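What follows is a single structure, written as structure tokens, with notes after it.
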Amino acid sequence: MEINVYNINGQQTGRQATLNDEIYAIEPNDHVLYLDVKQYLGNQRQGTHKAKERSEHKGSTRKLGRQKGGGGARHGDINSPLMRGGGRVFGPRPRDYRTKLNKKVKVLARKSALSYKAQENAIIVVEDFTFAAPKTKDFINVVKNLKVEGKKLLLVLPEPNKNVYLSARNLQRSEIMLASSLNSYKVLNADVLVMTENSLKTIDEILTK
């Protein structure tokens, strides 16, 4: 699959980049995508939630009312879940949400996500660029020139670029990622995927081993 290469001024360079059919033209696997996204989101959770249960509340253990004949549910002390301010029944406890996923499954998921973006014509390839200094205005101009303003933008770089990262850091709908760190969730969450030429090569090397 051939795709035009643009510069940061939004003009065609006259060159074309090749999107590897083994990555961008496969039949997407939705179940594998679900597993990969679920793992990514689960790994972001701290899992430190906690609610006090009946035995953890501090209060009198005196039985407040008779066992039967009160007209309501039976309950004991003031720490009962039936009482206002009492413990919680089966409340959340700290736990680890991290899960494991096979490498081949993760690779297939990333290929499926990129294939969906290719089907939606939501991939833009630009020549490699950098900024002389970190300026948000310069990055906004690039977004306008590529005609993707107002959309969730994911810019994929082959290697860290401090000036480009700092220029896009304050923009809510723009995100910078390295090609080596690309994951299914970030790809699917973006409206437009902007990739540099060298980042394409890096992705090919990682996903076609």
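Summary table
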item: Where a residue in region 100-124 is in a helix (DSSP H, G or I) and its partner, wherever it lies, is open to solvent by less than 10 Å² (accessible area, probe 1.4 Å) and hydroxyl-bearing (Ser, Thr, Tyr), with Cβ under 6 Å and at least six apart; result: Ala109/Ser184; Arg110/Ser184; Ala113/Ser184; Leu114/Tyr24; Ser115/Tyr24; Ala118/Tyr24
item: Test: Ile176 is crowded, with 16+ Cβ neighbours inside 10 Å, of a type in the set (A, V, I, L, M), within 18 Å of Lys117 (Cα to Cα) and free of Cβ contacts under 8 Å to residues at least 24 places away in the same chain; result: yes
item: Residue list for region 179-203, restricted to those being closer than 16 Å to Tyr116 by Cβ, touching a helix residue (DSSP H, G or I) at 6+ places or on another chain (Cβ under 6 Å) and part of a helix (DSSP H, G or I); result: Ser184, Tyr185, Val187, Leu188, Ile203
item: Cβ pairs under 8 Å, 6+ apart, first in region 196-209 and under 17 Å from Asn183 (Cα atoms), second open to solvent by 50 Å² or more (accessible area, probe 1.4 Å) and part of a helix (DSSP H, G or I); result: Thr202/Ser180; Ile206/Ser180; Leu207/Glu22; Leu207/Arg110; Thr208/Glu22
item: Answer residue from region 111-147, given it is among the hydroxyl-bearing types (Ser, Thr, Tyr) and open to solvent by less than 70 Å² (accessible area, probe 1.4 Å) and is farthest from the chain's Cα centre (by Cα) among those; result: Thr136
item: Criterion: open to solvent by 30 Å² or more (accessible area, probe 1.4 Å), of a type in the set (A, V, I, L, M) and out of contact with any helix residue (DSSP H, G or I) (no Cβ under 9 Å at 6 or more places or on another chain) - qualifying residue of Leu166, Leu82; result: Leu82
item: Members of region 1-27 found to be part of a loop (DSSP other than H, G, I, E, B), farther than 30 Å from Lys104 by Cβ and not β-branched (Val, Ile, Thr), listed by number; result: Asn7, Asn9, Gly10, Gln11
item: Some residue of region 49-72 being in contact (Cβ under 8 Å) with a residue 12 or more places away in the chain and closer than 30 Å to Ala122 by Cβ; result: no
item: Of residues in region 148-161 being open to solvent by 20 Å² or more (accessible area, probe 1.4 Å) and not acidic (Asp, Glu), the one nearest to Val126 (Cα to Cα); result: Pro158
item: Which listed residue, of Val148, Val156, is among the β-branched types (Val, Ile, Thr) and assigned to a strand (DSSP E or B); result: Val156
item: Which listed residue is open to solvent by less than 80 Å² (accessible area, probe 1.4 Å), of a type in the set (Gly, Ala, Ser) and in a helix (DSSP H, G or I), from Gly65, Gly42; result: Gly42
item: Failed condition for Asp96, given (1) over 22 Å from Glu197 (Cβ atoms); (2) surrounded by 14 or more Cβ atoms within 10 Å (Cβ to Cβ); (3) acidic (Asp, Glu); result: (2)
item: Which numbered condition Ala132 misses (of (1) in contact (Cβ under 8 Å) with a residue 40 or more places away in the chain; (2) assigned to a loop (DSSP other than H, G, I, E, B)); result: (1)
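For every residue, the table says whether it meets (1) modelled with pLDDT of 90 or more; (2) of a type in the set (A, V, I, L, M).
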position	(1), (2)
Ser115	yes, no
Ala122	yes, yes
Thr130	yes, no
Phe139	yes, no
Lys162	yes, no
Thr208	no, no
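The values are calculated or read from the model by the stated rules, or taken from the named source; none is laboratory data. As the structure is a prediction and not an experimental result, all values here were calculated from the model. For neighbour counting, all protein chains shown are included, and Cβ atoms are generated from backbone atoms with ideal geometry for every residue, glycine included. Heads up: the accessible areas ignore ligands, DNA and RNA and are worked out on the full protein's heavy atoms, side chains in. Shrake-Rupley method; radii C 1.70, N 1.55, O 1.52, S 1.80 Å.
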